[in-house]
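In what follows, a single structure is set out as structure tokens and then discussed.
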Amino acid sequence: MRRLLAAALPLLLLAGCPAWDPMQRQAKYKAYQVSEYYADGMAMRAPPAGTVPYGAVLDGPVQTGQGPDGRPLAISPVAPTPGLLATGKKHFEITCAVCHGVLGDGESQVALNMSLRKPANLQLYRDVPDGYLFQVMSLGFGLMPAYAAELTPEERWAVVAYVRALQLSQHAVVDELPARVRAGLPGEGR
Ligand code: HEC
């Protein structure tokens, strides 16, 4: 066994060595290097004419969450549909719930262990504009990092819709519920 180890060790060391690693050795250009291949002598290429950055096809408010007046949009520009809510639930539970809790009420294992500032209780953010929730996710807020890299603008709007659904789930006014739903409540419709 010891002999086997002695034989394998140099190989293991070699595998981690940049000079041996085929990925490291393969022919490639690094940023700003000179190239003999391209006529302009530069390895770095400009994007083909007409290329647009990813996401640029979305109009401004959908991307930024704010209107032409620079204020957060009061109402989401993306219509809530059952599909959007399902997407929002999925991404909220993957991305936000770990800190803000599955109900968004700030009750989570992570929150218990956070000593500086706790994740906000999103149930208390019922009166902020939809665009504000979108912007907090896009840009981050205080100790909370931005989630623009994890969630596309569409996914962030879906999370906004789901946060609204969570808020409604904890603050529904019985009188405003559809008759069909009220009829199923204990003490109602009988
Ligand atoms: C790593 C933990 C963590 C995750 C994940 C996280 N947040 Fe937060 N969030 C925080 C903390 C901490 C604060 C309070 C920050 C502060 O006060 O400095 C906060 C604050 C907020 C606020 C309140 C902003 C204000 O004006 O007070 C909103 C809204 C919010 N988060 C939404 C979200 C949403 C939506 C997601 C999922 C996309 C998310 N957060 C993911 C930790 C997190």
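Any read-out appearing in this document is the output of simple, stated calculations on the displayed coordinates, not a laboratory observation. Predicted, not measured: the structure shown is a model, and the values here were computed from it. Heads up, the Cβs are rebuilt from the backbone with ideal geometry, glycines too, and the neighbour counts pull from every protein chain shown.
Using Cβ contacts closer than 10 Å as the measure, can you line up SER35, SER76, SER138 from fewest to most?
SER35, SER138, SER76
May I ask for the distance between the Cα centers of the stretch 116-136 and the stretch 155-190, given as a whole number of Å?
19
Pairing the Cα long axis of helix 2-15 with the longest principal axis of the chain, what angle in degrees results, from 0 to 90 and rounded to the nearest 10?
Once rounded, one gets 80 degrees.
Roughly what angle does helix 82-91 make with the longest principal axis of the chain, taking Cα atoms, 0 to 90 degrees, to the nearest 10?
Computed tilt is about 50 degrees.
What's the longest piece of the chain with no exposed chymotrypsin sites (Phe, Trp or Tyr not before Pro), counting a site as exposed if DSSP puts it in a loop and it has at most 12 other beta carbons within 10 Å?
Between exposed loop sites, the widest span is 55-190.
I need the calculated FRET efficiency for the pair ARG180 and THR81, taking r as the beta carbon distance and R₀ as 35 Å, to the nearest 0.05.
After rounding, the FRET efficiency stands at 0.95.
How high is the relative contact order of the stretch 60-183, in percent, counting Cα pairs under 8 Å that sit 6 or more residues apart?
In percent, rounded to a whole number, it is 30.
Roughly how big is the chain's charge dipole about its Cα centre, with Cβ charges of +1 (Lys, Arg) and -1 (Asp, Glu), in debye to the nearest 20?
So the dipole magnitude of the chain works out to roughly 740 debye.
What are the trypsin sites (Lys or Arg not before Pro) within the stretch 103-171 that DSSP puts in a loop, where the Cβ has at most 11 other Cβ atoms within 10 Å?
ARG117
I'd like the trypsin sites (Lys or Arg not before Pro) in the stretch 18-89 restricted to DSSP loop residues with at most 13 other Cβ atoms within 10 Å, sorted by number.
LYS28, LYS30, ARG45
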